[in-house]
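The values are calculated or read from the model by the stated rules, or taken from the named source; none is laboratory data. Remember, it's a predicted structure, so these values are computed and weren't measured experimentally. Please note: Cβ atoms are built from the backbone with ideal geometry, for glycine as well, and neighbour counts cover all protein chains shown.
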Amino acid sequence: MRRPTTILAVIAVAVVAIALFIRSSGDDTTASDEVGSTSSTTTDVDSSTTPSENQTTTTPSTTTAPSEPSTTTLPVTPVPPGIVACDLYDEILVTGSVASEDLVEASGLAASRTTSSVLWSHNDSRGGARLHALGLDGGDLGSYDIPGAFALDWEDIGTGPGPDGTGSYLYVGDIGDNFGIRDGLVTVFRVEDISPDALDGEFPASEPIVYVMPDGPFDAEALFIDPLEPALYIVTKSRSEAFVFKGPVVPTTNEPHVMELQTILFLDAEVSGADITPDGGLIAFRGYRTVWMWTRENGEPIAEALGRTPCEAPSPEEVQGESIAFDSQLGYYTISEGQNPPVHHVPAGS
């Protein structure tokens, strides 16, 4: 999220006021800062680390999600063995434009794994705790509240299974921290990946997953869910280096999960979004001008895959592109922040 200095100053005052209110009322938890690029080194972090005594650890209000998903996932195209990730892509298509007048800060994007031709997005720091459903042409399929959630600085959304590797859920990341006010605490809200046609204005339930990022705060705008572990990854944002953290996808009931640092990347650009293919075979990070991609071999650890030099896939020209989402056929979609931005699709070739 990039804004002129004057606007940022105004936002800073507002955000600090909100943060102070949240801390005093105990209704929410807080987040972290940093970013990155090309060679990678793995760093061990003590997973037994606990938040300092002055950190807020109250979990957001929760509505109980169904124990078993009520939907089935779509069939997916697997990544061809031995492929160089970027060799799959060539042309960039414009499939339409975002029709909703309310989605003007589309900071995250996810393709539904249960409902064909549906994309999910959300605003950055405006519009409340709700998701917007889009057709592949950007058509407005409605907006849907997430019960029990709070939107301070939503920056990305991903799709993935639950802790047991089954079902499909949407993971919405309240992970932005431009002003370093979160004490290293971030929250990801999980809802079931349900067809918009089956929703009546809101999701039936949500579950918060609270994480503490050690040695924070960190600002982050990218997350993805590895379907093989399963685990959630957060990628921090700064031009000098990108820290990649991992945490479980188990809803928080008491203390926050302590994230573990997996690797540090040096990409010489800010990472504004990320995703992984449904089979876990390709990983993509996007910046404002670049899409980096890695092939993951035989289900190897994410850190090992990211340790190789990425290739650069086609990057649509967007005013402020902060989102990327793989579809079930290995293609990917991107949209920019702004009013009625175009929807870009980069299909996978044979």
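Quick notes
- Subset of the stretch 123-180 (residues that are among the hydrophobic types (A, V, I, L, M, F, W, C) and either surrounded by fewer than 16 Cβ atoms within 10 Å (Cβ to Cβ) or over 18 Å from the mean Cα position of the chain (by Cα) (or both)): LEU136, LEU141, PHE179
- Verdict on GLU270 being farther than 17 Å from ASN178 by Cα, acidic (Asp, Glu) and modelled with pLDDT of 95 or more: no
- The conditions of being over 17 Å from VAL79 (Cβ atoms), at pLDDT 95 or above and either not in a loop (DSSP other than H, G, I, E, B) or not charged (D, E, K, R) (or both) are met by PHE243.
- Screening GLU202, GLU192 for residues that are within 18 Å of the chain's Cα centre (by Cα) and either surrounded by fewer than 21 Cβ atoms within 10 Å (Cβ to Cβ) or under 20 Å from ASP279 (Cα atoms) (or both) leaves exactly one candidate, GLU192.
- Hey, GLY281 under 15 Å from the mean Cα position of the chain (by Cα) and either more than 21 Å from ILE175 (Cβ to Cβ) or among the small types (Gly, Ala, Ser) (or both) or not: no
- Filter result (of a type in the set (A, V, I, L, M, F, W, C) and crowded, with 23+ Cβ neighbours inside 10 Å) within the stretch 268-283: VAL271, ALA274, ILE276, LEU282, ILE283
- Criterion (at pLDDT below 95 and either in a strand (DSSP E or B) or β-branched (Val, Ile, Thr) (or both)) met by exactly one of ILE234, ILE225, ILE194, ILE181: ILE181
- Qualifying residue in the stretch 305-315 (condition: closer than 26 Å to ARG182 by Cα and in contact with an Asp or Glu (Cβ under 8 Å, 6 or more places away or on another chain)): no
- Residue count, the stretch 128-143 (criterion: within 14 Å of GLU202 (Cβ to Cβ) and out of contact with any Pro (no Cβ under 7 Å at 6 or more places or on another chain)): 6
- Only residues that are over 12 Å from HIS122 (Cα atoms) and of a type outside the set (D, E, K, R) were counted in the stretch 137-151, giving 7.
- Residues that are modelled with pLDDT under 95 and crowded, with 24+ Cβ neighbours inside 10 Å were ranked within the stretch 205-217; the one that is nearest to ALA110 (Cα to Cα) is MET213.
- Taking every residue in the stretch 297-325 that is without any contact (Cβ under 8 Å) to a residue 24 or more places away in the chain and surrounded by fewer than 18 Cβ atoms within 10 Å (Cβ to Cβ) and pairing it with any residue that is assigned to a strand (DSSP E or B) and not basic (Lys, Arg), at least 6 positions away or on another chain, the pairs with Cβ-Cβ distances below 6 Å are VAL319/SER336.
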